[in-house]
Amino acid sequence: MQNKKVIVTIKDSVGALPRIIQIFARRGFAIEEVHAKTIGENKEVIIIFPADEYIQKIVLGQLNKLVDSIEVKDEV
Amino acid sequence: MNGARGVVEGLLDEKAEVIFGIPGGAALPIYDEFHKEPNLRHIHMMHEQGAAHAAEGYSRVLGKVGLCMGTSGPGATNLVTGIADAFMDSVPIVALTGQVPTKLLGKDAFQETDTFGITLPITKHNFRLSKSEDAYQNTRDAFNISLSGRPGPVLIDLPKDTMVGEFELNKEQFKYTQLKALPQNSNEVFSKVVDLLFNAERPMILAGGGVTIANAGLELTKLAELLRCYVATTITARGAIPTTHPLSLGQIGMHGRQVVNHSIANCDLLLAVGTRFSDRITGNLEAFAPNAKIIHIDIDATELGKNVPFHMGIVSDAKTALQSILAVAAQKKLQGKDNLFRQRVKALDVECRCNIASDDTPIRPETIIKEINEILPENAIVTTEVGHHQMFATHFLKVKNPRHFLTSAGAGTMGFGLPAAIGAKVAAPDQPVIDISGDGSLIMVCQEIATAVENDIPLTIALFNNGGYGIVQQWQKEFYEGRKIAVEFGKHTDFVKLAQSMGAEGIKVERPSEIQEAMKQAIMSDKVFLVDIATSTVDNGMPLVPPLGKNTEMLLGQHCPLVNPRYFDAE
């Protein structure tokens, strides 16, 4: 599977990163790389993960569904 | 004020009236505030799992947030099953948990558990309070998040130091943290839906729990009538359209009615509203509605295409969508269509009705439901546990109103019914509440009989006592060559005595002819009353689609008529 990259901006509160990671963990989806940095009151998290169309759709949908996520951008 | 008061102020401003819970060390600052608050009724449960299910029962009846609370550590982990249950069935509850002081987090302090981490995957959202100042805001946000969009459980973990810490509350500055808005759908979208519905030769409607949650039962029924279209329901939509309505076909899926599964398999258009197409609904996906265009309406965008591909996917709550479809449909004229499909479904529906009356002893479970149907007050709320009795109730019980049949659907939590009945009775004190129960489930939560008695919450437990796990036995018979293990027990357990020991009343019933009298006596007594019904161990009492099998290839129960879908083959 090809690597996909997604950039999530999420409110920086207790458990911001675990919220993102558990979306992958629960479904057994792999993660290649995670980079996170704090920007003001938010965290910008870049995730690179192998995905087909279905996995990408699920991941993007679930990231958008997080109550604290502010923006989800996907880049191939 | 202190953080604990901030939480309670938040609860009161959210119009919370009842909380189900159990105190403990880390929860004491909050409990001390409950003590000062006569407008917030605290119902002391006997186990935290019961508290979470009671909050669910309360919420499922009223559509309001149900509240529960436990202390840190085991108090919180005991809540987990109920929280997970609420998550699976999209029930808005708010759970409060005590927690050790912030500086002890990670020190393996007494009764410390990572409640936040444990509940992360089973809540819609969760908080751990990091400072007293957030107490009011987080509490009110929790309610808002829980109820908005697709409802779900929200947990707030409350470290003890944040509860005793002082802060100044300024309510005038309060506003909810903004949540994402639902997309708006244009009229063209619904116009297209109506065109598809009007042009379909063989349309079917599948209603899920979303219809119940959105209080869209009336709209569903109106649309069915307008289209003269049969409605199949999932377990959480039981009562969304009255089960006695001529267009209500009944339960779909693994333990569904044969007519429903055959009709869905043969429809050319499926309007699915508020359902997530779980495996228990679809069976083998390739054989699920293989010839149908599927219009999938759900409030949660991630549900569209998750399990079943759709022809049209619409993100909307069920009520708005159904109202919009009705509004467009009212302007268009439904052509007089050949309704051969409807006639065929109707014929199959008649063929599919089995005779559930019987004099057999021990009593057949379907016969118990038949007898209960005869005396069930119109406004009664029925809860169930999980297992055979639940499937028989879902199959045969007459439910005329939404939010009157409360059952643990997605999670399948044994022990849901009794505490949920307590919550339901608190929510609707003027309505009779009946827990249709099995012995395996009841013994998991039987301590809540004491809760009901001690808090003067009258309810009836109709116990389908077959001395074991009926549905597990059925699976062992069908799929493990009848090798029974760990499914028969309770020969020496006297449930009537158990109930009596906690101050409830009880009666044993051994013949079908005695059921109605016993149930009437229990309901009229206005007490906590257990009716212990000697129930037969039916190994195969129900149609069963083997896991991931085709819905049209059901193993039939010993009393099921063999329904022949030849009508459809004529196509």
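Yes or no: A:Phe49 hydrophobic (A, V, I, L, M, F, W, C) and assigned to a helix (DSSP H, G or I)?
So A:Phe49 fails the test.
Quick one: would you say B:Asn215 is surrounded by fewer than 24 Cβ atoms within 10 Å (Cβ to Cβ), modelled with pLDDT of 95 or more and assigned by TED's automatic domain parsing to the domain that holds B:Phe310?
When the stated conditions are applied, B:Asn215 passes them.
From the list B:Arg202, B:Arg150, B:Arg128, which one is touching a helix residue (DSSP H, G or I) at 6+ places or on another chain (Cβ under 7 Å), touching a residue at least 24 places away in the same chain (Cβ under 8 Å) and within 14 Å of chain A (Cβ to nearest Cβ)?
Residue meeting the stated conditions: B:Arg128.
Consider B:Gln390 against the criteria (1) touching a residue at least 40 places away in the same chain (Cβ under 8 Å); (2) among the polar types (S, T, N, Q); (3) under 30 Å from B:Asp85 (Cβ atoms); (4) in contact with a Lys or Arg (Cβ under 7 Å, 6 or more places away or on another chain): it satisfies all of them except one. Which criterion is unmet?
If we test B:Gln390 against (1) touching a residue at least 40 places away in the same chain (Cβ under 8 Å); (2) among the polar types (S, T, N, Q); (3) under 30 Å from B:Asp85 (Cβ atoms); (4) in contact with a Lys or Arg (Cβ under 7 Å, 6 or more places away or on another chain), just (4) comes out false.
For (1) modelled with pLDDT of 95 or more; (2) closer than 28 Å to B:Leu220 by Cα, each residue gets a yes or a no:
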{"position": "B:Pro365", "(1), (2)": "no, no"}
{"position": "B:Ile369", "(1), (2)": "yes, yes"}
{"position": "B:Met414", "(1), (2)": "yes, no"}
{"position": "B:Gly440", "(1), (2)": "yes, no"}
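What residue, of B:Leu129, B:Leu158, B:Leu104, is surrounded by fewer than 24 Cβ atoms within 10 Å (Cβ to Cβ) and either assigned by TED's automatic domain parsing to the domain that holds B:Ile314 or modelled with pLDDT of 95 or more (or both)?
B:Leu104
Tell me which of these B:Thr282 doesn't satisfy, since it passes every other one: (1) touching a helix residue (DSSP H, G or I) at 6+ places or on another chain (Cβ under 7 Å); (2) β-branched (Val, Ile, Thr); (3) under 27 Å from B:Pro151 (Cβ atoms).
Looking at each condition in turn, B:Thr282 falls short on (1).
Which condition number does B:Leu179 fail, the rest of (1) in contact with a Cys (Cβ under 9 Å, 6 or more places away or on another chain); (2) outside the structural domain of B:Ala240 (by TED's automatic domain parsing) being met?
Single failed check for B:Leu179: (1).
Given the residues B:Thr139, B:Thr123, B:Thr177, which is the only one that is among the β-branched types (Val, Ile, Thr), under 21 Å from the mean Cα position of the chain (by Cα) and over 29 Å from B:Ser324 (Cα atoms)?
Selected residue: B:Thr123, the only one of B:Thr139, B:Thr123, B:Thr177 that is among the β-branched types (Val, Ile, Thr), under 21 Å from the mean Cα position of the chain (by Cα) and over 29 Å from B:Ser324 (Cα atoms).
From the list B:Phe529, B:Phe464, pick out the single residue that is in contact with a Ser or Thr (Cβ under 9 Å, 6 or more places away or on another chain), under 18 Å from B:Thr367 (Cβ atoms), crowded, with 23+ Cβ neighbours inside 10 Å and not small (Gly, Ala, Ser).
B:Phe464
Under 18 Å from B:Pro419 (Cβ atoms), in the same structural domain as B:Ile375 (by TED's automatic domain parsing) and in contact with a Phe, Trp or Tyr (Cβ under 8 Å, 6 or more places away or on another chain): is that true of B:Ile461 in this structure?
yes
Take the residues in the range A:31-46 that are closer than 22 Å to B:Lys124 by Cα and in a strand (DSSP E or B), then tell me which one is farthest from the other protein chains (Cβ to nearest Cβ).
A:Glu44
Tell me, please, whether a residue that is at pLDDT 95 or above, on the phi < 0 side of the Ramachandran plot and within 14 Å of chain A (Cβ to nearest Cβ) can be found in the range B:317-327.
No: zero hits.
Counting residues that are more than 21 Å from B:Leu348 (Cα to Cα), which strands (runs of 3 or more DSSP E) fully inside the range B:173-275 reach at least 1?
Those strands (runs of 3 or more DSSP E) span B:269-273.
If I ask for residues that are more than 8 Å from chain B (Cβ to nearest Cβ), farther than 13 Å from A:Asn3 by Cα and not polar (S, T, N, Q), which ones from the range A:67-76 would you list?
Matches in the range A:67-76: A:Ile70, A:Glu71, A:Val72, A:Lys73.
Out of curiosity, is A:Ile10 in contact with a helix residue (DSSP H, G or I) (Cβ under 6 Å, 6 or more places away or on another chain), free of Cβ contacts under 8 Å to residues at least 24 places away in the same chain and not in a helix (DSSP H, G or I)?
No; evaluated as a whole, the condition is false for this residue.
Condition check: basic (Lys, Arg), in the same structural domain as B:Ala26 (by TED's automatic domain parsing), in a helix (DSSP H, G or I) and more than 20 Å from B:Glu48 (Cα to Cα). Does B:Arg150 satisfy that?
When the stated conditions are applied, B:Arg150 does not pass them.
Name the one entry in A:Ile58, A:Ile70, A:Ile31 that is more than 23 Å from B:Ala181 (Cβ to Cβ) and surrounded by 11 or more Cβ atoms within 10 Å (Cβ to Cβ).
Only one candidate passes the filter, namely A:Ile31.
Going by what's in this entry, would B:Ala95 be described as of a type outside the set (Val, Ile, Thr) and in a strand (DSSP E or B)?
The answer is yes for B:Ala95.
Kindly indicate whether A:Gly28 is of a type in the set (Gly, Ala, Ser), over 11 Å from the mean Cα position of the chain (by Cα) and within 11 Å of another protein chain (Cβ to nearest Cβ).
no
Restricting the range B:176-199 to residues that are within 14 Å of chain A (Cβ to nearest Cβ) and of a type outside the set (Val, Ile, Thr), which is farthest from B:Val315 (Cα to Cα)?
B:Tyr176
What are the residues in the range B:326-375 that are surrounded by 14 or more Cβ atoms within 10 Å (Cβ to Cβ) and among the charged types (D, E, K, R), if any?
B:Lys337, B:Arg342, B:Arg344, B:Lys346, B:Asp349, B:Glu351, B:Arg364, B:Glu366, B:Lys370, B:Glu371
The values are calculated or read from the model by the stated rules, or taken from the named source; none is laboratory data. Note that the structure is predicted; figures quoted are calculated from it, not measured. With ideal geometry, Cβ positions are generated from the backbone for all residues, glycine too; neighbour counts draw on all protein chains shown.
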